[in-house]
Every structure is written in C-alpha cells, then in structure tokens.
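I have placed the structure first, in the form of structure tokens, so that the comments after it can refer back to it.
The values are calculated or read from the model by the stated rules, or taken from the named source; none is laboratory data. Quantities reported herein were computed from a predicted structural model and do not represent experimental measurements. Reconstructed Cβ throughout: ideal geometry from the backbone, glycine too, with neighbour counts over all protein chains shown.
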Amino acid sequence: MNTPVPVSPCAVIAFIGGGNMASAILGGLLATGTPAASLLVVEPFAEQAQRLRERFAGLTVLEAAGPALASAQVVVWAVKPQLFTEAAAPCAAHIGGALQLSVMAGIRSDALVRATGSARVVRTMPNTPALVGQGMTGLFATPAVSPADRGQVQALLAATGELLWVEHEAQLDAVTALSGSGPAYVFYFIEAMMQAGAELGLSPEQSRRLAVGTFRGGAALCGQSEEPPEVLRQRVTSKGGTTYAALTAMEAAGMKPAFVQALHAAARRAQELGDEFGR
C-alpha cells in the first residue's frame, strides 16, 4: 500500500453530491488542514446545500454544475447511483482531466470513464462508521491511476478510517457484503443482545452499554491479537460453561451457515445493482 501524501493546498477537490459520506470526507479534510477555499460541492437540493454552508465555513457550494468544475484535480462522486447519469451529464464537459473518486455503490469503473471522459478512476466502498472516523473502505483503481493518484486518494480518505485496496473490481461486491453492509449486521446483533438483556431484567440503557461495549472490545482485541478469531473464541468457551451454552444454541439454530448465506445474498445484490446502474 502506498503511503498517503498530503492533499495539495492548491488542488481543487470537487464533490458531486453533499450527503453523509461527502460530509464525512469534507470534515476530515478540513480537520487535517485542507483549506475550505480548495473545496467545492455541487448539491442541487437547497436545504442540504444550506446545511453544508452552515456546517463548513468558507466552503463553496453550487446548486448546479458549471465551469467552476474545470479547476478540479479530483472529483468525488457521492450521489445516489440511480442519479449518477443525470448528475454526470452537466459535469462531463469540465472534468475530463481530473481523477475520479467514486463512493457510489453499483456504478462500475467503465461507466465512470464513459460518463466523465477520464480513465483515472478509483472506486471505493466505504461504510457508515466513516462518519465517526472508524470506517472500513475497500478501493479499486483502474490501470490509468498512478501511484501519486493512489496517494492522493489515501490522503483524501485518511480521516474516515481504514483503507484496503483490492486488485479486481469484482471483489468490491464482496467488500460490499462484508464491510459496506456490515455495520447493519453489528447493529442487528446489538438489537438482539439488548432484547435479551431486557428479558433478563436489565434496563435498556444497561443492555445497550453492555452490548456496544462488548462489540467494541471484542473487535479491538481481535484487531490487536495475532491469534485467529477461532482461537480467541475457544479461549473464552469452557465446555459446560455459559459461553458454551450460548454457542451450542447458536449452532443448533444454524446461525453460522445462515449468516454466511446472508453475506452471499448481499454480494449477489451488489452485483445486480452493478448490472442495473453500472453499465
């Protein structure tokens, strides 16, 4: 992996779309010293445009694409995939020389090349913990993307969390299934733990703190340990004990194969979205 390089203060970074993910990246850039004068956002929805102006002082927010985009060295695509074709049309004449960075699900690199006129495309699959700087983002670069371009992308996304490059674009469907959709799986299990806690006599707040803290601590331990998750699990599972009882019940219910199949379903749906929006 390339070492991130600082974002050039003279580089203009244009965001097409100013929603949650764009805001997370913008916040990270501004917090790490990128001047607001080098950033601009095209956000056609007036209410969201005003929220961006209020949140990020000095940020240029345009409600329509125009010649100002011609100065952009990097264009960050952050619109809903079904709106991409409509959003790209008025931008195309101005951005052909820029590096294109997509945080959209389903829009494939060849579609981005055709719509923008730039062969330098990096597709990413971030997830919502990027909003608190704890995201996990998968990235794929087309052959025209240089090492310097990769470094620029890493600098842009550094404040959102961890980054993982993949060699093949199709692997982004698996990234989507594991980490893109993954926060929802965590929230789902936290919901179940909170329900069980309430049924066992704990308050909702107690149950929430215990569940969230357990996921946070378990993930941190797994991330810092050289042991595989299987070994860590075995170390807290004494035969005949409470953890053993819980895991035995999960195995009897077929939880692991059902969960694995759920991720396969998510990957298939990611591929379908690519077929629908990304060609």
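Annotation: Thr137 fulfils all but one of (1) touching a residue at least 24 places away in the same chain (Cβ under 8 Å); (2) closer than 24 Å to Ala98 by Cα; (3) in a helix (DSSP H, G or I); the unmet one is (3). Taking (1) of a type outside the set (Asp, Glu); (2) touching a strand residue (DSSP E or B) at 6+ places or on another chain (Cβ under 8 Å); (3) in contact (Cβ under 8 Å) with a residue 40 or more places away in the chain; (4) surrounded by fewer than 20 Cβ atoms within 10 Å (Cβ to Cβ) in turn, Ala31 satisfies each apart from (2). Taking every residue in segment 225-253 that is in a helix (DSSP H, G or I) and pairing it with any residue that is surrounded by 11 or more Cβ atoms within 10 Å (Cβ to Cβ), at least 6 positions away or on another chain, the pairs with Cβ-Cβ distances below 7 Å are Pro229/Cys222; Leu232/Leu221; Leu232/Cys222; Leu232/Ser225; Thr243/Val236; Thr243/Thr237; Tyr244/Thr237; Leu247/Thr237.
Of all the listed residues (Val122, Val153, Val113), the sole one being of a type in the set (Val, Ile, Thr), assigned to a helix (DSSP H, G or I), in contact (Cβ under 8 Å) with a residue 24 or more places away in the chain and closer than 19 Å to Ala88 by Cβ is Val113. Residues in segment 254-279 that are outside any helix (DSSP H, G or I) and on the phi < 0 side of the Ramachandran plot: 2 in all. When each of Glu47, Glu43, Glu63, Glu54 is tested for being within 29 Å of Gly274 (Cα to Cα), in the same structural domain as Ala22 (by TED's automatic domain parsing) and exposed (fewer than 15 other Cβ atoms within 10 Å of the Cβ), the lone residue that passes is Glu63.
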